[in-house]
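Engineer: Pasting a structure here, questions to come.
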Amino acid sequence: MSMGARMWEERRLSSPGKSVTVGLDYIARDRARRRIIAKIFELSMGTTAGGAPRVRMRLREEGASQQKTFISSRLTLIFDPVTGEVLAEDDAAMVWIAQALDAELPPFWPVERLRTTDIPVTFDAEGYAEGWFFGVSAAFRDALDIVWTKTQVTNIDPHTGKKYKRELEAWTRGMPPAYSFSEFDVAYAPPLREALKSAAWAEQQRAMTFAVSVVEALPDLAVDRRVSPGQVKINLQTYLNGEIINQEQIELSQSQFVTLLKEGPQSLGSE
């Protein structure tokens, strides 16, 4: 028995002669999010040497001459290669592919939640999220499900052809993100810049238009690839010339709260 056979005992699920061409959006080994167009020839299931279940595809990427193996747990969605329209996401994407290949559905699907370096927020020189309405500092990375992640990647030496492993470190975010803002978290609009941080509280208040604080909170709960929404109760204050002119308590999901922090109070009217 070859090493490959020991590492992967598989059973073909798809019908011979069937194929489908589709766009794949996926998370690569280095956790970068990528897109390809590929022709899929085969769907199979099996177990690794460690006993972990896997569903994989044999495919040929557009423009390539050789087929390769694609582990389905990295797939985020599939799209129409001509129009770009999203056809299906997550588990539904694999069901779509299985149906297109006239394949048997496996008794399990990938359950691990993916993490990606494709993070839709950057922090400026003072540590605030760029373009966000409220001053959300880099200290809230954990609450935004942004964590420093170590990943082991297998590469092939172009000179010797031998495989070697290297470790990458990068900020990643869960897909979908599981937010975890908690009681006593506070943010101000506009952000309190360095020039104001050492000023008296009264002077800081004169610079504010809004302040938001979390009164109660339950974090999002990540279960397999899905996220059950958590909740926050917030105190939203409106300021004018250093005085509070309006104050209200609002209950939101964690996701809605992130939208509020990014877009401002006007986002509340669209919920």
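Engineer: Of ASP220, ASP80, which has the most accessible area with a 1.4 Å probe, and how do the rest follow in descending order?
Structural biologist: The ordering from most to least exposed comes out as ASP80, ASP220.
Engineer: As a test of understanding, state the convex hull volume per residue of segment 136-253 from its alpha carbons, in Å³.
Structural biologist: 140
Engineer: Please give the length that would be gained between TRP148 and ASP224 if that part of the chain were fully extended, namely 0.36 nm times their separation in residues minus their C-alpha to C-alpha distance (nm, one decimal).
Structural biologist: Working it through step by step, the gained length comes to 25.3 nm.
Engineer: I've got another one for you. Just to confirm a number: summing +1 for Lys and Arg and -1 for Asp and Glu over residues other than ASP145 whose beta-carbon lies under 12 angstrom from that of ASP145, what do you get?
Structural biologist: +2
Engineer: Next question. Quick check: at a probe of 1.4 Å, how many percent of the accessible area of the chain sits on carbon and sulfur atoms?
Structural biologist: Ligands and nucleic acids excluded, carbon and sulfur reach 49 percent.
Engineer: In straight Cα distance, which lysines are under 24 Å from LYS233, not counting same-chain residues fewer than 8 positions off?
Structural biologist: Straight-line reach from LYS233, under 24 Å: LYS262.
Engineer: Another question about this same structure. For the chain, what relative contact order do you get, as a whole percent, if you take Cα pairs closer than 8 Å and at least 6 residues apart?
Structural biologist: 13
Engineer: Further, regarding this structure: Consider the candidate values [x] 178; [y] 200; [z] 140; state which one is volume of the Cα convex hull per residue in Å³ computed from the structure displayed.
Structural biologist: [x]
Engineer: Per residue, how large is the accessible surface of the chain? Use a 1.4 angstrom probe and give square angstrom.
Structural biologist: On a per-residue basis, 55 Å².
Engineer: Then there is this: Obtain the nm distance between the two label points defined at ALA170 and GLU243 by a simple spin-label model: each point lies 7 Å from its Cα along the Cα-to-C-beta direction.
Structural biologist: 5.2
Engineer: What's the ranking of 60-70, 187-197, 90-100, 164-174 by average number of surrounding C-beta atoms within 10 Å, highest first?
Structural biologist: The packing order, highest mean first, is 90-100, 187-197, 164-174, 60-70.
Engineer: Counting helices only, and only those DSSP H runs with n ≥ 4, report the 222 nm mean residue ellipticity of the chain as the sum of -39,500 (n - 2.57) divided by its residues, in deg cm²/dmol to the nearest 500.
Structural biologist: -3500 deg cm²/dmol
The values are calculated or read from the model by the stated rules, or taken from the named source; none is laboratory data. Here the structure is a predicted model, which means the values were calculated and not measured. We place every Cβ from the backbone using ideal geometry, glycine too, and count neighbours over all the protein chains shown. To get the accessible areas, we keep the full protein, side chains included, count just its heavy atoms, and leave off ligands, DNA and RNA. Shrake-Rupley method; radii C 1.70, N 1.55, O 1.52, S 1.80 Å.
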